[in-house]
Amino acid sequence: MHPKPRQCPVLLFALVHILRLVQSQGTHCTVQQFKQNQRYYDDNFEISNLAESYPDQQSVRVGCKVGYSGFFKMTCSRDQWTYKGNKCQPRSCGHPGDAQFADFQLTVGQDFVFGSQVEYTCHKGFLMANRRNFRRCMAQGWDGVIPICEPLQCPAIYPDSNVLVQGDTENSIYRNSVQFSCRYNNQILSGQQEIICNEHGEWSGTVPKCIEIKCGLPDIPNGSILGDAIEYKENDFLHYECDDRYQRIENRLSKCTNLGLKADWSPVPHCEIIKCRLQLTAEDQATYVPPNKNVFLSGEMLSIHCGQNYWIGSKQNTSVETRCQDDGTWTVYPICRDDFCTNQRPRSVSWWYVQQEHQIRLRHRTQYGCRSGYVNTAKSGMAECTRDGWSPNPLCREILCDPIQIDNAVLSKHNNRTYRNGQSISYGCKEGYEGNPLRTCSVNGWSGSSKCTAKGCPLKGIADAQLKQPSKPIYTNGTNLQYVCNKNGNTITVTCVLGKWEGMRECSGCGKAHLENGFVVKRNANTIHFRCNEGYRLSTHISWVVATCRDGHWIGFSGQCIDNTTCGKPPVIPNGRLTDGQHVNKEDSTVAVICEEGFMAQVQNFTCTKGEWSSFGKPLTDICKSDATYCGIPPKIENTVVISSEKLFPPNSEVTYQCRHKFTLEGDGRSVCVNGQWDVKNFACTEIKGGGPNIPNVVGDEHMYQLRIFSAYSCSITYNPQ
């Protein structure tokens, strides 16, 4: 064992400790020194538990007051403190917490640390439910609780039943809105269309009502309302008029109308002073006097001077004076118009040297040609642009021909009013004529020369007779032939009339009688009775035809058999005639009425209807009536009579007055109808002094005394003169 080496370290430590004690007894550091050190000391250190002083080399840990944290160490060295660590800092409480519908702000301190305080404020429309509206940062953290903000609620509202609501009327809070409208179209809101719950828990307006749409009397400056109404209902019109020299701004009537939030007049009734306006354009090169004016009052004048290639008012005018009229229009519309000719080729023109994009001005000339069916109106074939347009006008004339008549011919088809180039008319010849005439419309009028020629008559012999003239196969129309009977030497003369021999008979008797489309029903020695075949009737409307042989000729044929669907020859009308209906006498055919001069047709034509000519109920005597003035009954003259049953007399009619019994005429007893008045001649009936002759068994009659006859008599019924 080695005991001595173990004791050496213990002794050495003891010696060092003693040495230090000796040294410390001479130096020390005080708390006062620490408090006076402004660099390190502040009130946040907790020094109440420190000693007054500390010896050299002594270290002291200084703590922080409640609510502060930090680490600070002081060591005494040669009568001075040395410092190490951080000063005391306020303890952080962290974020104080957000409150719904509220904001907060620091009212104490600069941060969320010990000693600071935050204050909460509710948003608009919200009310704080807590008693305290603040929190403080304590050593243990934030005191209190996060406040609660409850929304303010507006009182319930109860609109009328005719008011429609959109929104919550019973539980509305801040910023909630309620919209209103009317249930019926004939009502309008009286009040606000929308109200809002405000930050004070109050509605921004009162609940509206729905009232009937009505409009009051509007104020119309320079105008006056017509009528006595002071209030108008929906769709009522307002009638008003403007003062002199004023006019409505719109022609539409103003109507009481629902305009969404109110009832008012649409359009707004308004009267403005009558003005004429001058519409100027950038291209307008006209000169106006007065210049620089585009609004004129009624009665004011304006002069316009256009360029040489322009016109105004009419194509021939380049300048004009116009006046603003009371109705706001100009006497002449004050606009200069370009004097152009159209560049659109007329339909009748086949070609010309004008392009569609060209503007054709005055005096421009161009060649042109016409399409088929037209001819150039200008013989030179040149068209010129004038103020009246292209000249000549029209450039091309259509080739047209008016209908023509050909002797003894009728149109085979319906007649056109006009015929174009190349169109033809075909004709049919009348009975007794032959041919097929045709005419064609051409540039030079109608072409074609064919005609209807009278039919000739082939030679026909008569038994027991000899022809006096040389015989031919056929004879022309109008030729007369004479036959001499062999037995009695009688001469029979026949005439060729439109293909038939007239006067043809036998030398003995009358030869054979024939009725076309008829048959014999009875035959006697010299008499034959005919009736028409089925489907035919006599044009004279009698039952049969009687033919009698007399002097070698059949006489008594009073009609012909015609088809039941035809009307035959048109009737004869007094004072007029009907056009030939021989070839137009079928169903629905018409013949025109032509009255003599001085008479007027009461119907324009007769129509063939069911085999008869119809005059539309007019008697034949009334078809052509005089267009002159008629006279009434002749005037009465003493001791005279006029024998007539007429009550109306046509112009130039003449009546003769007769003297009564025992009176005689002195003067001319005639009277003439002139322009509706009777022109009575100067005459008188004077009494015969001796009376009339005494004739037995004679009855005197004053109506039988004729002018220039002294007396007249008639026998009684019971006596016959010898």
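The values are calculated or read from the model by the stated rules, or taken from the named source; none is laboratory data. In this text the structure is predicted, and so the values were computed from the model without any measurement. Methodologically, a virtual Cβ is constructed for each residue, glycine included, from the backbone with ideal geometry; neighbour enumeration extends over all protein chains shown.
Residue-wise test of (1) at pLDDT below 90; (2) exposed (fewer than 14 other Cβ atoms within 10 Å of the Cβ).
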residue	(1), (2)
D103	no, yes
C137	no, no
C149	no, no
C154	no, no
Q166	no, yes
N171	yes, yes
S177	no, no
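Summed over segment 248-266, the residues that are in contact (Cβ under 8 Å) with a residue 12 or more places away in the chain, within 26 Å of the chain's Cα centre (by Cα) and over 19 Å from I230 (Cα atoms) give a count of 4. Here V375 meets each of (1) farther than 30 Å from K451 by Cα; (2) touching a residue at least 60 places away in the same chain (Cβ under 8 Å); (3) not acidic (D, E) with one exception, condition (1). On the basis of being exposed (fewer than 15 other Cβ atoms within 10 Å of the Cβ), outside the structural domain of R183 (by TED's automatic domain parsing) and touching a Lys or Arg at 6+ places or on another chain (Cβ under 7 Å), does E250 make the cut? Spelling it out, it is not the case that E250 is exposed (fewer than 15 other Cβ atoms within 10 Å of the Cβ), outside the structural domain of R183 (by TED's automatic domain parsing) and touching a Lys or Arg at 6+ places or on another chain (Cβ under 7 Å). In segment 315-356, of all residues being closer than 30 Å to R397 by Cβ and among the β-branched types (V, I, T), the one that is modelled with the highest pLDDT corresponds to V349.
As for segment 50-58, it holds no residue that is touching a residue at least 12 places away in the same chain (Cβ under 8 Å) and within 30 Å of Y120 (Cα to Cα). Is segment 486-503 home to any residue that is exposed (fewer than 13 other Cβ atoms within 10 Å of the Cβ) and within 60 Å of the chain's Cα centre (by Cα)? So far as segment 486-503 goes, no, none of its residues is exposed (fewer than 13 other Cβ atoms within 10 Å of the Cβ) and within 60 Å of the chain's Cα centre (by Cα).
Applying the set (1) in contact with a Leu (Cβ under 9 Å, 6 or more places away or on another chain); (2) outside the structural domain of S224 (by TED's automatic domain parsing); (3) touching a residue at least 40 places away in the same chain (Cβ under 8 Å) to P269 leaves exactly one unmet item: (2).
Hey, could you check segment 151-164 for residues that are touching a residue at least 40 places away in the same chain (Cβ under 8 Å) and assigned to a strand (DSSP E or B) and say which is farthest from Y184 (Cα to Cα)? Among residues in segment 151-164 that are touching a residue at least 40 places away in the same chain (Cβ under 8 Å) and assigned to a strand (DSSP E or B), the one farthest from Y184 (Cα to Cα) is P151.
Conditions (1) touching a strand residue (DSSP E or B) at 6+ places or on another chain (Cβ under 6 Å); (2) modelled with pLDDT under 85; (3) on the phi < 0 side of the Ramachandran plot, marked per residue:
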{"residue": "Q32", "(1), (2), (3)": "no, no, yes"}
{"residue": "Y40", "(1), (2), (3)": "yes, yes, yes"}
{"residue": "D43", "(1), (2), (3)": "no, yes, yes"}
{"residue": "R78", "(1), (2), (3)": "no, no, no"}
{"residue": "K84", "(1), (2), (3)": "yes, no, yes"}
{"residue": "R91", "(1), (2), (3)": "yes, no, yes"}
{"residue": "V108", "(1), (2), (3)": "yes, no, yes"}
{"residue": "E119", "(1), (2), (3)": "yes, no, yes"}
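Testing R131 on (1) loosely packed, with under 14 Cβ neighbours inside 10 Å; (2) in contact (Cβ under 8 Å) with a residue 40 or more places away in the chain; (3) not aliphatic (A, V, I, L, M), one condition comes back false. Which one is that? Unmet for R131, out of (1) loosely packed, with under 14 Cβ neighbours inside 10 Å; (2) in contact (Cβ under 8 Å) with a residue 40 or more places away in the chain; (3) not aliphatic (A, V, I, L, M): (2).
In segment 612-653, of all residues being in contact with a Ser or Thr (Cβ under 7 Å, 6 or more places away or on another chain) and surrounded by fewer than 18 Cβ atoms within 10 Å (Cβ to Cβ), the one that is nearest to T579 (Cα to Cα) corresponds to S614. Please tell me if T453 is within 60 Å of the chain's Cα centre (by Cα) and under 30 Å from V375 (Cβ atoms). The answer is no for T453.
When V60, V108 are checked against the criterion of being surrounded by fewer than 17 Cβ atoms within 10 Å (Cβ to Cβ), farther than 30 Å from I173 by Cβ and aliphatic (A, V, I, L, M), V108 stands alone in meeting it.
When E170 is tested against (1) assigned to a loop (DSSP other than H, G, I, E, B); (2) in the same structural domain as F112 (by TED's automatic domain parsing), exactly one condition is not met: (2). Take the residues of segment 310-357 that are small (G, A, S) and not in a loop (DSSP other than H, G, I, E, B): which is surrounded by the most Cβ atoms within 10 Å (Cβ to Cβ)? Here the residue is S319. The single condition among (1) modelled with pLDDT under 90; (2) in contact with a Pro (Cβ under 9 Å, 6 or more places away or on another chain); (3) of a type outside the set (S, T, N, Q); (4) surrounded by 15 or more Cβ atoms within 10 Å (Cβ to Cβ) that R417 does not meet is (4). Scanning segment 606-640 for residues that are out of contact with any Asp or Glu (no Cβ under 9 Å at 6 or more places or on another chain), closer than 15 Å to P574 by Cβ and among the hydrophobic types (A, V, I, L, M, F, W, C) turns up F606, L620, I623.
Within segment 289-328, count every residue that is under 14 Å from I273 (Cα atoms) and either touching a residue at least 24 places away in the same chain (Cβ under 8 Å) or among the hydroxyl-bearing types (S, T, Y) (or both).
Counting residues in segment 289-328 that are under 14 Å from I273 (Cα atoms) and either touching a residue at least 24 places away in the same chain (Cβ under 8 Å) or among the hydroxyl-bearing types (S, T, Y) (or both) gives 10.
Would you check if there is a residue in segment 394-412 being under 30 Å from A454 (Cα atoms), of a type outside the set (D, E) and under 43 Å from the mean Cα position of the chain (by Cα)? Yes, segment 394-412 has at least one match.
Any residue in segment 363-384 that is surrounded by fewer than 16 Cβ atoms within 10 Å (Cβ to Cβ), within 31 Å of the chain's Cα centre (by Cα), not assigned by TED's automatic domain parsing to the domain that holds Q279 and not in a strand (DSSP E or B)? For segment 363-384, residues surrounded by fewer than 16 Cβ atoms within 10 Å (Cβ to Cβ), within 31 Å of the chain's Cα centre (by Cα), not assigned by TED's automatic domain parsing to the domain that holds Q279 and not in a strand (DSSP E or B): absent. Segment 188-300 holds strands (runs of 3 or more DSSP E) entirely within its bounds, and those carrying 3 or more residues that are of a type outside the set (V, I, T) and on the phi < 0 side of the Ramachandran plot map to 209-212, 214-216, 231-233, 240-242, 246-248, 254-258, 263-266, 275-277. Evaluated against (1) modelled with pLDDT of 80 or more; (2) in the same structural domain as S614 (by TED's automatic domain parsing); (3) among the aliphatic types (A, V, I, L, M), V584 falls short on exactly one condition, (1).
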